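Before any comments, here is the structure.
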Amino acid sequence: KLFWFKKGTRFANVTGDVQADETDLVNLIETLFRQARNPHNLNYDISELRPLKFYTHVPSIKFALHRIIDSMFDNSEGSVIKCKIDPDNYILEIFDDNINPLEFSPNREFLGGKLRSAIFSLNALCEYYIGANFSDGGWQNINMMKNEVDDSEERTGFTHILKFHGPWNY
């Protein structure tokens, strides 16, 4: 039982030697990008993925990432969707290359079902922000859990930011 629990609550083991149980975050994201619906035939670049080793509730994260990636392919105004990991700060970013201002206000009101369900799935597992350039306010970060908005530095494009808390590492 303990082995089953451990496999379901980690992204990678101490050595980085990961089994095919989809608990490695890099492999999980690669799989989700390959399997996502891509109605606009957008390109994606996952070359900046790095291991991010910690324990969390993997099924909830997998569900949320699936919803976020599908939403990006459905709604991106850019031509390339990228994903990168900052392993030192436990941050995962999924973003496009569109820096044009969005024509809606910086709050959660623009969300559809995919991103709303991602918020619920990520609750208590990480902080979740969307950073974008809004015609009404410039570059802003929306705290998706609290619907609070802060100024942001200019980004590469519309960005989903997941900040995990650590270290719970080995």
Query raised in the report: All but one of (1) modelled with pLDDT of 95 or more; (2) closer than 29 Å to residue 56 by Cα; (3) in contact with an Asp or Glu (Cβ under 6 Å, 6 or more places away or on another chain) hold for residue 118; which doesn't?
Result: (3)
Report summary line: Here the qualifying pairs (Cβ atoms under 8 Å; residues six or more apart or on different chains; first in the stretch 99-113 and under 11 Å from residue 131 (Cα atoms) and of a type outside the set (A, V, I, L, M, F, W, C); second open to solvent by 60 Å² or more (accessible area, probe 1.4 Å) and not in a helix (DSSP H, G or I)) come out as 106/136
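Any residue in the stretch 153-166 that is in contact (Cβ under 8 Å) with a residue 24 or more places away in the chain, open to solvent by 60 Å² or more (accessible area, probe 1.4 Å) and in a strand (DSSP E or B)?
Yes, some residue in the stretch 153-166 is in contact (Cβ under 8 Å) with a residue 24 or more places away in the chain, open to solvent by 60 Å² or more (accessible area, probe 1.4 Å) and in a strand (DSSP E or B).
Could you list, in sequence order, the residues of the stretch 1-52 that are among the hydroxyl-bearing types (Ser, Thr, Tyr), surrounded by fewer than 17 Cβ atoms within 10 Å (Cβ to Cβ) and modelled with pLDDT of 85 or more?
31, 47, listed by residue number.
If you scan the stretch 38-52, which residues turn out to be part of a loop (DSSP other than H, G, I, E, B) and in contact with a Ser or Thr (Cβ under 8 Å, 6 or more places away or on another chain)? It would help to see each step written out before you state the result.
Taking the stretch 38-52 and keeping what is part of a loop (DSSP other than H, G, I, E, B), we get 38-42, 49-52.
Across the stretch 38-52, the qualifying residues are 40, 42.
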Requested in this report: Of the numbered conditions (1) more than 22 Å from residue 33 (Cβ to Cβ); (2) assigned to a helix (DSSP H, G or I); (3) of a type in the set (D, E, K, R), residue 146 fails exactly one; give the number of that condition.
Outcome: (2)
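Yes or no, residue by residue, for (1) among the basic types (Lys, Arg); (2) touching a residue at least 12 places away in the same chain (Cβ under 8 Å); (3) open to solvent by 20 Å² or more (accessible area, probe 1.4 Å); (4) closer than 22 Å to residue 38 by Cβ:
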| site | (1), (2), (3), (4) |
| --- | --- |
| 78 | no, yes, no, yes |
| 88 | no, no, yes, no |
| 91 | no, yes, yes, no |
| 115 | no, yes, no, yes |
**Report entry** Selected residue [within 13 Å of the chain's Cα centre (by Cα), assigned to a loop (DSSP other than H, G, I, E, B) and closer than 20 Å to residue 23 by Cβ] from 92, 125
**Finding:** 125
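Under 19 Å from residue 52 (Cα atoms), touching a strand residue (DSSP E or B) at 6+ places or on another chain (Cβ under 6 Å) and among the aromatic types (Phe, Trp, Tyr): does that describe residue 129? So that I can check it myself, show each step before the final result.
Working: under 19 Å from residue 52 (Cα atoms): yes; touching a strand residue (DSSP E or B) at 6+ places or on another chain (Cβ under 6 Å): yes; among the aromatic types (Phe, Trp, Tyr): yes.
The answer is yes for residue 129.
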Query - Conditions (1) touching a helix residue (DSSP H, G or I) at 6+ places or on another chain (Cβ under 6 Å); (2) open to solvent by less than 70 Å² (accessible area, probe 1.4 Å); (3) more than 22 Å from residue 132 (Cα to Cα): number failed by residue 63 - result: (2)
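The values are calculated or read from the model by the stated rules, or taken from the named source; none is laboratory data. Given the structure is predicted, the values throughout are model-derived calculations rather than measurements. Note: ideal-geometry Cβ built from the backbone for every residue, glycine included; neighbour counts use all protein chains shown. For accessibility, only protein heavy atoms count, side chains too; no ligands or nucleic acids. Shrake-Rupley method; radii C 1.70, N 1.55, O 1.52, S 1.80 Å.
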